[in-house]
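Encoded as C-alpha cells, the structure appears first; notes follow it.
Bear in mind these aren't lab numbers, they're just calculated from the coordinates by the rules spelled out. In this text, all values refer to a predicted model and were calculated from it rather than measured experimentally. Note that we place each Cβ from the backbone using ideal geometry, even for glycine, and neighbour counts take in every protein chain shown.
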Amino acid sequence: MVRVRHAAVASAAAVLLFGCSRAPSPLVPIPATAVVQRPPEASERHLANLRQLTDGGENAEAYWSADAQWITWQSTREGRPCDQQYVMRADGSAPRRVSDGRGKTTCGWILPGNTRVFFGSSTHADSACPTRPDPSKGYVWPLDRFDIYTAGIDGRDQRRLTAYGVYTAEGVLSPDGKRIVFTSLKDGDLDIYTMNVDGTDVKRLTFTEGYDGGPWWSPDGTQIVYRAHHPKDSVELRQHRELLAQSLVRPSKVELYVMNADGSNQRQLTNVGGANFGPSWTPDGKKVIFASNHMNPRSRNFELFLVDASKSMATAADLEQLTFHPEFDGFPMFSPDGSKLLWASNRHARKPGETNLFVADWIP
C-alpha cells in the first residue's frame, strides 16, 4: 500500500526508497522489543491500556491473523533503508523477517493456519530499494514494481504468486480465507482485482479511469471498501495519465468508496476533502475506520475516524474522530473480536519521523 510523507521527515506512511543491502537469513530470530505501556491522549475515550509493540524505525501496515495470535507488518528495522516484511506474536514477542531481504515489500497478510504469509515485493525487479521520485514533481507516490509473493511464516519457501512486473500490491485476505483483493497497474490504470489465494481466477472489479486502491473486505465478505480519485476534467485526466506513464500517482485528493464483492453497486462513502486512506471495518460491518487529513489537507497530521458504512457522500459532520495526537495515526485494524485496535503512529517516537505500532483495548 503506497504511503504518504510526514513533513520533511519519514513517517508511518513514508515511502523509503534508498538502496537495500543483503541481510542475514530471515530464519534468524530478531530480538523482541519489550511492550511499553503508554497512556492514550486524554480525549481518546475509545482507547485504553495503550501498548507500544515496536520501538524504532518505520513500522506500519500491521494486520492481525484470523485468530488474532499473530501480526504481520512492514518495517525498516535493523537499519534498513526500505521496508521488509515481518511477523510477530500478538503481544509483540518473537519478531521474525519473512521476506528475502531484497528490494522492498508492502502489505502483508497471514494465510489460514498461520503457516504462510503473502505480501507485495519488488525482489524480482532489483535487489536494491526502488529509487525515490524526483522532488520536482511535487507530492507523488511511486508505483514500484511489486508482485505478490507468499512465504512460510518461518521465512522459508518464498514463491511468486503474480508475475505482472508492474505495481501489484495492497492485498487483503477475504474473511473465508479463499480470495485476495488487491490493486494493480497490470491493465494500464490503477484498478482493484480479486483472485484465489493460489493466484488463479483473477477478476477485475473497477473500470473508472483514475486511482482505485486500498481495498478491504467487509467482515461477511459481501462488500469492499476502498479509496479512489477519478479525475473530474480533461486537465486532471491528462495529469493522471502523465504520472502513470512515469509510475507515479498524486494522492492528495482521495475519498472512500464501497462496492459489492463482485464490483457492482459502487458508491462514494465520504465527501470530506483531503486524503482519506487505510480503510477497514468494525467487526460488526456497520462502520468503516480510516485515516484522514481532511481537517487540514495541507497538513501531514492524519487522525483516525469512524463513519457509518451505509452512508453516501458523508461529510465531516458524519465522522467520529478517534485519535487526537498532533502527528500521524493510520493503518487501523480491529482485532477479529473487536476488543482491540491495532494501528501505526508517530506518537512517543524516540527520533523525529519514527513510526511505531500500537495496540489498545477498544472501549465502545
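Values as computed for the structure displayed
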| item | result |
| --- | --- |
| Residue satisfying condition, being under 30 Å from PRO135 (Cβ atoms), touching a residue at least 40 places away in the same chain (Cβ under 8 Å) and of a type in the set (A, V, I, L, M, F, W, C), within set LEU244, LEU269, LEU304 | LEU244 |
| Selection within region 296-322 - in contact with a helix residue (DSSP H, G or I) (Cβ under 8 Å, 6 or more places away or on another chain) and either surrounded by fewer than 16 Cβ atoms within 10 Å (Cβ to Cβ) or not charged (D, E, K, R) (or both) | VAL307, ASP308 |
| Residue among PRO112, PRO81, PRO133 that alone is assigned to a loop (DSSP other than H, G, I, E, B), in contact with a strand residue (DSSP E or B) (Cβ under 7 Å, 6 or more places away or on another chain) and touching a residue at least 24 places away in the same chain (Cβ under 8 Å) | PRO133 |
| Total residues in region 250-286, condition within 18 Å of the chain's Cα centre (by Cα), closer than 13 Å to ARG227 by Cα and not in a loop (DSSP other than H, G, I, E, B) | 11 |
| Test: residue in region 52-69 that is closer than 25 Å to GLY113 by Cβ, more than 19 Å from the chain's Cα centre (by Cα) and charged (D, E, K, R) | yes |
| Selection status of GLY101, on the phi > 0 side of the Ramachandran plot and not β-branched (Val, Ile, Thr) | yes |
| Close pairs (7 angstrom Cβ cut-off, 6 or more residues apart or separate chains): under 16 Å from ARG51 (Cβ atoms) in region 338-358, part of a loop (DSSP other than H, G, I, E, B) and of a type in the set (Asp, Glu) anywhere | ARG347/GLU327; ASN356/ASP55 |
| Residue in region 339-351 that is outside any strand (DSSP E or B) and under 17 Å from the mean Cα position of the chain (by Cα) present | yes |
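A quick yes/no check of all residues on (1) under 30 Å from TRP281 (Cα atoms); (2) not β-branched (Val, Ile, Thr):
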| position | (1), (2) |
| --- | --- |
| ASP126 | no, yes |
| ASP134 | no, yes |
| ILE153 | yes, no |
| TYR164 | yes, yes |
| ILE180 | yes, no |
| SER184 | yes, yes |
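Yes/no per residue for (1) in contact with a Gly (Cβ under 9 Å, 6 or more places away or on another chain); (2) at negative phi; (3) hydrophobic (A, V, I, L, M, F, W, C); (4) free of Cβ contacts under 8 Å to residues at least 40 places away in the same chain:
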residue	(1), (2), (3), (4)
VAL181	yes, yes, yes, no
LEU185	no, yes, yes, no
LEU190	yes, yes, yes, no
ARG204	yes, yes, no, no
HIS229	yes, yes, no, yes
ARG250	yes, yes, no, no
ALA261	yes, yes, yes, no
